[in-house]
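*Asks:* First, the structure itself, so that you have it in front of you.
The values are calculated or read from the model by the stated rules, or taken from the named source; none is laboratory data. Given the structure is predicted, the values throughout are model-derived calculations rather than measurements. Reconstructed Cβ throughout: ideal geometry from the backbone, glycine too, with neighbour counts over all protein chains shown. Just so you know, the surface numbers come from the protein's heavy atoms only, side chains and all, with ligands and any DNA or RNA stripped out. Shrake-Rupley method; radii C 1.70, N 1.55, O 1.52, S 1.80 Å.
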Amino acid sequence: QLQASGGGSVQPGDSLRLSCVASGGTFSTYATGWFRQAPGKEREFVASIGWNDAATNYADSVKGRFTISRDHTKNTAYLHMNSLKPEDSALYYCSRSVNRFERAARSASSFGSWGQGTQVTVSS
């Protein structure tokens with residue numbers, strides 16, 4: 001089971017770090033992805049990291065501002081978000097790939113085991 005946390009209400013330009021803990025499981029040999037969904041919009045890809053942490057993938061809208069990482073000793077994945085914009089406001093979900101040895105995929109169909117989401121609101 002995945003549990004995301006770290007969301008909050010911040011101002012434009014602020015930073016947040018989201019965490020995703022894999023309780024009762026592990027991220028080892030699986031890819032991890034972060035997705036987000038704003039009200040009235042479909043869930044969209046944000047970032048992913050491949051099974052061996054060798055590769056990452058980012059949506060164009062967050063590239064250069066967000067960084068995905070993992071700490072396997074803590075079974076935790078992170079999404080470091082800098083220079084936040086109002087359009088980053090959404091419910092953020094973490095997920096683990098369906099298959100082992102998955103690359104840093106962008107498609108939601110490559111991921112399962114969705115967490116419950118953590119809300120990020122960026123406004124002045």
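*Asks:* Check segment 14-28 and report whether any residue there is out of contact with any helix residue (DSSP H, G or I) (no Cβ under 7 Å at 6 or more places or on another chain), open to solvent by 70 Å² or more (accessible area, probe 1.4 Å), farther than 17 Å from GLN119 by Cα and at pLDDT below 95.
*Replies:* Checked segment 14-28: at least one residue is out of contact with any helix residue (DSSP H, G or I) (no Cβ under 7 Å at 6 or more places or on another chain), open to solvent by 70 Å² or more (accessible area, probe 1.4 Å), farther than 17 Å from GLN119 by Cα and at pLDDT below 95.
*Asks:* Residue by residue through segment 109-118, note down the ones that are in a loop (DSSP other than H, G, I, E, B) and among the hydroxyl-bearing types (Ser, Thr, Tyr).
*Replies:* SER113
*Asks:* Identify all residues within segment 42-63 that are assigned to a loop (DSSP other than H, G, I, E, B) and either under 18 Å from GLN3 (Cβ atoms) or touching a strand residue (DSSP E or B) at 6+ places or on another chain (Cβ under 8 Å) (or both); write none if there are none.
*Replies:* Correct list: ARG43, GLY50, TRP51, ASP53, ALA55, ALA59, VAL62.
*Asks:* Sticking with this one: Of all residues being surrounded by fewer than 21 Cβ atoms within 10 Å (Cβ to Cβ) and in contact (Cβ under 8 Å) with a residue 60 or more places away in the chain in segment 77-90, which is nearest to GLY40 (Cα to Cα)? Just the residue, please.
*Replies:* PRO86
*Asks:* Kindly check whether there is at least one residue in segment 2-11 that is modelled with pLDDT under 95 and either touching a His at 6+ places or on another chain (Cβ under 8 Å) or open to solvent by 10 Å² or more (accessible area, probe 1.4 Å) (or both).
*Replies:* yes
*Asks:* If the requirement is being free of Cβ contacts under 8 Å to residues at least 24 places away in the same chain and either in a strand (DSSP E or B) or closer than 19 Å to LEU2 by Cα (or both), which of these qualifies: THR26, THR121, THR32, THR67?
*Replies:* Answer to the check: THR67.
*Asks:* When you look at SER69, is it under 12 Å from the mean Cα position of the chain (by Cα) and farther than 19 Å from GLU44 by Cβ, yes or no?
*Replies:* Spelling it out, SER69 is indeed under 12 Å from the mean Cα position of the chain (by Cα) and farther than 19 Å from GLU44 by Cβ.
*Asks:* Follow-up. Exactly one condition in (1) closer than 27 Å to PRO12 by Cβ; (2) open to solvent by 30 Å² or more (accessible area, probe 1.4 Å); (3) among the basic types (Lys, Arg) is not met by LYS74; state its number.
*Replies:* (1)
*Asks:* Of all the residues that make up segment 81-108, how many are assigned to a helix (DSSP H, G or I) and under 15 Å from the mean Cα position of the chain (by Cα)?
*Replies:* Summing the residues that are assigned to a helix (DSSP H, G or I) and under 15 Å from the mean Cα position of the chain (by Cα) in segment 81-108 gives 2.
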